[in-house]
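As structure tokens, the structure follows; a few thoughts come after it.
The values are calculated or read from the model by the stated rules, or taken from the named source; none is laboratory data. Keep in mind it's a predicted model, so treat the numbers as computed, not measured. No Cβ is skipped: glycine too gets one built from the backbone with ideal geometry, and neighbour counts run over all protein chains shown. All accessible areas refer to the heavy atoms of the entire protein, side chains included, with ligands and DNA or RNA removed. Shrake-Rupley method; radii C 1.70, N 1.55, O 1.52, S 1.80 Å.
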Amino acid sequence: MSEKKINQQNIRNFCIISHIDHGKSTLADRFLEITDTVPKQKMREQFLDQMDLERERGITIKMQPVRMQFKYQKSKCKVTDKNSKILNFDFYTLNLIDTPGHVDFTYEVSRALACVEGAILLIDATQGIQAQTLGNLNLAKKQNLKIIPVINKIDLPQADIKKVSAEIESVLNIKKEEILTASAKEGRGIEEILQAVIRRIPPPKGDPKKPLSCLIFDSIFNPYKGVICYVKIVDGQVRPGDQINFLASKTFCDATEVGYFKPELKSKKILQVGEIGYIITGLKTVQKARVGDTITISKIKDKRSKIKPLPGYKQIKPYVFASIYTTSGDPQDLKEALEKLQLNDAALSFRSESSPALGMGFRCGFLGLLHLDITKERLCREYDLDLVITAPSVQYKIKTRGKGQGTREITISSPSELPPTSEIVNIYEPYVRLEIITPSKYLGPIMKLTQSKRGKYKDTKYLDPKTCFLTYDIPLSEIIIDFYDQLKSVSSGYASLNYEFLDFRPAKLVKLDILVAGDKVAPLSQIVPEEKTYQTGRDLVQRLKNIIPQQLFKVALQATVGSRILAREDIPALSKDVTAKLYGGDVTRKRKLLEKQKKGKKRLKRFGKVDIPQEAFMVILKK
Ligand SMILES: Nc1nc2c(ncn2[C@@H]2O[C@H](COP(=O)(O)OP(=O)(O)OP(=O)(O)O)[C@@H](O)[C@H]2O)c(=O)[nH]1
Ligand SMILES: [Mg+2]
């Protein structure tokens, strides 16, 4: 069967970007419908959110590419901008990438943006411009992408199209005539958006005659097929059977299959310049097919046309660290699971470590708490592992005084790595630039909140008379835990935030330890600002008291800094036989109960004399 050659001029590659929940995946649904990409009986809401976790939580976590065929008819086109090269009607291949909106997954957005020539910027007609609208737009502008602004959710009674378009015009500097309106839910304005995609976004550049050069923007591991790379063909072409070469990892292998996304994998005989698709490599080691690497053909006839690696992606730095241990299986299984997850999640990092109480485990780096939570869930579900996760921490830089020698700087990502106080000259903690967009009536409570989090006020701008744009420099450790929830609560849900890493700054910090029945529980230690130690310590022991089960003896919970005890709570002794009440009766009932108890015990970890449940390690997260 011969395949129709795709005319490069008739390809459009684009993303949908926006603040969280402004309707990207719902708009993608309507595109899938009007292009007949997904059969009607298979269609479901937010079709491109394929992971169970995404569907349960109603958010997009992974970017998802999909290819559609669209018949463009000039006579139907209501978009006014002129483009003389376009025929009366023609078929176009549209490669769409749906992206996540949550700030933890910005790395997904930036990788998607590097593969396309344009982006639909979606803005909720009831909310207007939000923090990630600006954040994601700036990323798209850095890639010189053509932006198509679309106001969505115009069906809602609170929609204020006039106000939002004035905001887009003044804040984003986009002409009013370029703004489209839509209701992704009701399917209004959808065809007009695709017409604008064809007219306004340029076809991909690239030379079909050059040797293959393609960018890996994502990859997955399939136990039967091996590593599957998601690619954008920048130059040349690739067919099954071609010998390919990964430039950065210096790996050679065969392309066993190539194809595109429907959104499931659909094989093809050739991937040509400008196309977005996949290459199945048969590689079994995940490290060899890194996101950002360039793939080329091994045997290039003309030696002079040596392929240069594509710019790839900035190495992403994790911000939040936590240790993961398995209670049910072999640490080796956990390592393999992390390696496979890492292939599909380029922002995840880990190294092995061991703890006297928990055994072999891994210190993992994440982009935020939602990222940590999602990783934990995926490890449990996709790899069937029982886990203990320690309290999250940021990284610190520490200037230390060695014995006899001068000072040196070390970086730590866990409170247990903090050197003794006598050796510390200075501690530096990470700061971020925090941007908050809020209706101005919540300015007071928001300023109070940021102040209590050690935020340093920088600037206020007015996007319109009733909407403020606030800028702060703030320690990262203060906003990763529950700042977002607190911000939503003080602003009745209206404020939105975005942040990016700034630098490390000196701070007065100390290590707060927790003793349970006299034994230090290292995974519960935290690095906290000196002025907050007393309050944090008291709060922690009070909450732990409700989580750690009663023992046969009295258990003291103490919060300490060095040898100083800041707070103490006691868990009273218990003496109770769980099966006592099951006198007589059926022996299987008794066995069942003991079995259930044993199962519960698996999730407990013994520290000194006391078993501590997993929830205790997460207590720091909930305030
Ligand atoms: N009334 C109305 N609701 C909409 C419209 N578009 C989307 N929604 C709703 O808005 C919510 C979020 O929609 P999603 O499509 O998941 O938003 P998203 O931008 O993909 O969200 P993330 O990927 O998590 O950032 C869902 O409840 C949708 O039903 C619209 O045009 N009108
Ligand atoms: Mg989505």
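Rundown of residues vs (1) among the β-branched types (Val, Ile, Thr); (2) open to solvent by 10 Å² or more (accessible area, probe 1.4 Å), yes/no style:
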| site | (1), (2) |
| --- | --- |
| Ala166 | no, yes |
| Ile179 | yes, yes |
| Lys185 | no, yes |
| Ala196 | no, no |
| Leu212 | no, no |
| Phe217 | no, no |
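Scan region 106-122 and give yes if some residue there is more than 24 Å from Glu500 (Cα to Cα) and small (Gly, Ala, Ser), otherwise no.
No, region 106-122 has no match at all.
Which of the numbered conditions does Ile61 fail, given that it passes all the others? Conditions: (1) within 21 Å of Ile276 (Cβ to Cβ); (2) away from ligand 2 (no atom under 16 Å from the Cβ).
Every condition holds for Ile61 apart from (2).
Check whether at least one residue in region 356-376 is part of a helix (DSSP H, G or I), touching a helix residue (DSSP H, G or I) at 6+ places or on another chain (Cβ under 9 Å) and of a type in the set (S, T, N, Q), and report yes or no.
Yes - at least one qualifying residue is present in region 356-376.
Test each condition in (1) buried (at least 23 other Cβ atoms within 10 Å of the Cβ); (2) over 16 Å from the mean Cα position of the chain (by Cα); (3) within 12 Å of ligand 1 (Cβ to nearest atom) for Arg12 and report the one that comes out false.
Condition not satisfied by Arg12: (3).
Looking at (1) within 28 Å of the chain's Cα centre (by Cα); (2) at pLDDT 95 or above, which is the only condition Pro439 fails?
For Pro439, the failing item is (2).
Take region 401-436 and flag every residue that is touching a residue at least 60 places away in the same chain (Cβ under 8 Å) and among the charged types (D, E, K, R).
Glu429, Arg433, Glu435
Could you grab me the full set of residues in region 316-340 that are without any contact (Cβ under 8 Å) to a residue 60 or more places away in the chain and either closer than 24 Å to Val394 by Cα or not small (Gly, Ala, Ser) (or both)? Can you show your working first?
Of the residues in region 316-340, the ones without any contact (Cβ under 8 Å) to a residue 60 or more places away in the chain are 318, 329-339.
Listed by number, the residues that qualify are Pro318, Asp330, Pro331, Gln332, Asp333, Leu334, Lys335, Glu336, Ala337, Leu338, Glu339.
Name the single residue, out of those in region 292-322 being over 20 Å from Asp218 (Cβ atoms) and modelled with pLDDT of 90 or more, that is most open to solvent (accessible area, probe 1.4 Å). Don't jump to the end; show me each part of the working.
Here is the first cut: in region 292-322, the residues over 20 Å from Asp218 (Cβ atoms) are 297-308, 319-322.
Now drop any that are not modelled with pLDDT of 90 or more, which leaves 320-322.
Details: Val320: 0, Phe321: 18, Ala322: 0 Å².
For region 292-322, the residue satisfying everything is Phe321.
Which of the numbered conditions does Lys458 fail, given that it passes all the others? Conditions: (1) charged (D, E, K, R); (2) part of a strand (DSSP E or B); (3) closer than 22 Å to Tyr319 by Cα.
Condition not satisfied by Lys458: (3).
Which of the residues belonging to region 136-176 are assigned to a helix (DSSP H, G or I) and within 16 Å of ligand 2 (Cβ to nearest atom)?
Asn136
Only one of (1) within 15 Å of ligand 1 (Cβ to nearest atom); (2) over 24 Å from Glu377 (Cβ atoms); (3) at pLDDT below 90 is not met by Glu3, so which one is it?
Among (1) within 15 Å of ligand 1 (Cβ to nearest atom); (2) over 24 Å from Glu377 (Cβ atoms); (3) at pLDDT below 90, the lone unmet condition for Glu3 is (1).
Filter region 91-124 down to residues that are crowded, with 24+ Cβ neighbours inside 10 Å, out of contact with any His (no Cβ under 6 Å at 6 or more places or on another chain) and in a loop (DSSP other than H, G, I, E, B), then give me how many there are.
Looking only at that region, the number is 4.
Quick grid of which residues meet (1) modelled with pLDDT under 95; (2) farther than 22 Å from Leu470 by Cβ:
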| position | (1), (2) |
| --- | --- |
| Lys142 | yes, yes |
| Lys163 | yes, no |
| Ile174 | yes, yes |
| Ile190 | no, yes |
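Restricting attention to region 361-385, and to residues there that are within 20 Å of Val432 (Cβ to Cβ) and open to solvent by 20 Å² or more (accessible area, probe 1.4 Å), which single residue is modelled with the lowest pLDDT?
So, considering only residues that are within 20 Å of Val432 (Cβ to Cβ) and open to solvent by 20 Å² or more (accessible area, probe 1.4 Å), the one modelled with the lowest pLDDT is Leu369.
Here are some conditions: (1) more than 10 Å from ligand 2 (Cβ to nearest atom); (2) open to solvent by 80 Å² or more (accessible area, probe 1.4 Å); (3) in contact (Cβ under 8 Å) with a residue 60 or more places away in the chain; (4) not in a helix (DSSP H, G or I). Asp21 meets all but one. Which one does it not meet?
Of the numbered conditions (1) more than 10 Å from ligand 2 (Cβ to nearest atom); (2) open to solvent by 80 Å² or more (accessible area, probe 1.4 Å); (3) in contact (Cβ under 8 Å) with a residue 60 or more places away in the chain; (4) not in a helix (DSSP H, G or I), the odd one out for Asp21 is (1).
Would you pick out the residues in region 27-59 that are open to solvent by 30 Å² or more (accessible area, probe 1.4 Å), in contact with a Lys or Arg (Cβ under 8 Å, 6 or more places away or on another chain) and within 8 Å of ligand 1 (Cβ to nearest atom)?
Of everything in region 27-59, just one residue is open to solvent by 30 Å² or more (accessible area, probe 1.4 Å), in contact with a Lys or Arg (Cβ under 8 Å, 6 or more places away or on another chain) and within 8 Å of ligand 1 (Cβ to nearest atom), namely Gln46.
Which of the residues that make up region 61-70 are open to solvent by 20 Å² or more (accessible area, probe 1.4 Å) and under 25 Å from the mean Cα position of the chain (by Cα)?
Residues of region 61-70 that are open to solvent by 20 Å² or more (accessible area, probe 1.4 Å), as a first pass: 62, 64, 69.
The answer is Lys62, Gln64.
If you check Tyr484 against the conditions, is it assigned to a strand (DSSP E or B), open to solvent by 20 Å² or more (accessible area, probe 1.4 Å) and of a type in the set (Phe, Trp, Tyr)?
No; evaluated as a whole, the condition is false for this residue.
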